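Please read the structure below before turning to the comments.
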Amino acid sequence: MKLHTLSLSGLMMAFCLVARAEDSAFKPIFNGKDLTGWYGLNPHSVVKLEGEKKEAALKKMREEFATFWKVENGELVNDGHGPYATTEQEFGDMEFLIEYKTVAGADSGIYLRGVPQVQIWDKNQVFDPSKPTRRPHLGSGGLFNNTPDTPGRDPLVVADKPFGEWNSFRIRQIGARTWVWLNDKLVVDGNVMENYYDRTKPLHAKGPIMLQTHGGEIRWRNLQVREIGAEEAKKILAEADAKK
């Protein structure tokens, strides 16, 4: 009996050490003080531009970034307008932690590798049959810009908290495979995130994280990233495939 107790204790200690090691690998990508490490970009507004026109548009968005974004009480805050907050750093395989709080009528999202998007909705919006692929009542966290009715396009469960409360995302991406947990509930289970800009091509190997502006105030905090190495990525994919 004593041996069993000691073994169980040892296993628990090992688990805690692994958990702490994983937690310590998360690095903040927002310092809670200013906009260092971020710039303004709306990729949709420049996708068809070239040459000097594109350069001018990119320059303008960088210059006006601080007009629409501010830091308040350690939170990254947007009024619903202006270019998207975009990381200077680019990411490949990773886990991403982020919390957000928004308002009624919300329609925002998180771009991964510069591609839309993990969706944020106001789940209280009434479904409009005239827009059958727009389903805010199903909740946030789905890969909204994937092809309608494909796996991962809509979340598995409604996990949004009431307005006024903070929601937390945990997002894991390995290659194009994407997992999303919203408030600790799995809403996307390893589904492929499509390349919105050209669905015939795979998702980019790396790219920035972008926080979308879409008409309503949204607040973000506790943004952290843990990069996933090749061996860990291979193990996660193998385990996920074995469950199918």
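The values are calculated or read from the model by the stated rules, or taken from the named source; none is laboratory data. All values reported here derive from a predicted model rather than from experimental measurement. A quick note on method: Cβ atoms are made from the backbone with ideal geometry, for glycine too, and the neighbour counts reach across all protein chains shown. The accessibility values were calculated without ligands, DNA or RNA, using every heavy atom of the protein model including side chains. Shrake-Rupley method; radii C 1.70, N 1.55, O 1.52, S 1.80 Å.
What number of residues in region 217-230 are crowded, with 18+ Cβ neighbours inside 10 Å and assigned to a loop (DSSP other than H, G, I, E, B)?
Result for region 217-230: 1.
Going by the conditions given, is Pro83 over 16 Å from the mean Cα position of the chain (by Cα) and open to solvent by less than 20 Å² (accessible area, probe 1.4 Å)? Can you show your working first?
Details: over 16 Å from the mean Cα position of the chain (by Cα): yes; open to solvent by less than 20 Å² (accessible area, probe 1.4 Å): yes.
For Pro83, the condition - over 16 Å from the mean Cα position of the chain (by Cα) and open to solvent by less than 20 Å² (accessible area, probe 1.4 Å) - is met.
Residue by residue through region 28-66, note down the ones that are assigned to a helix (DSSP H, G or I) and among the β-branched types (Val, Ile, Thr).
Going residue by residue through region 28-66, those that are assigned to a helix (DSSP H, G or I) are 43-46, 51-66.
Listed by number, the list holds a single entry, Val46.
What's the total number of residues in region 185-202 that are open to solvent by less than 60 Å² (accessible area, probe 1.4 Å), touching a residue at least 40 places away in the same chain (Cβ under 8 Å) and either charged (D, E, K, R) or in contact with an Asp or Glu (Cβ under 8 Å, 6 or more places away or on another chain) (or both)?
1
Do any strands (runs of 3 or more DSSP E) lying entirely in region 99-199 carry at least 2 residues that are at pLDDT below 95, and which ones are they? It would help to see each step written out before you state the result.
Working: elements: 107-112, 115-121, 167-174, 177-182, 185-192.
In region 99-199, 107-112 are the strands (runs of 3 or more DSSP E) which contain 2 or more residues that are at pLDDT below 95.
Before we move on, is Val115 of a type in the set (A, V, I, L, M, F, W, C), open to solvent by less than 10 Å² (accessible area, probe 1.4 Å) and in contact with a Gly (Cβ under 9 Å, 6 or more places away or on another chain)? First the steps, then the outcome.
Numbers: of a type in the set (A, V, I, L, M, F, W, C): yes; open to solvent by less than 10 Å² (accessible area, probe 1.4 Å): yes; in contact with a Gly (Cβ under 9 Å, 6 or more places away or on another chain): yes.
The answer is yes for Val115.
Six or more apart or on different chains, Cβ atoms under 8 Å: show the pairs whose first residue is in region 58-71 and touching a residue at least 60 places away in the same chain (Cβ under 8 Å) and whose second is open to solvent by 50 Å² or more (accessible area, probe 1.4 Å).
Phe68/Asp79; Phe68/His81
So which of Ala233, Ala159, Ala205 ends up being of a type in the set (A, V, I, L, M), in contact (Cβ under 8 Å) with a residue 40 or more places away in the chain and open to solvent by less than 40 Å² (accessible area, probe 1.4 Å)?
After applying the criteria, what remains is Ala233.
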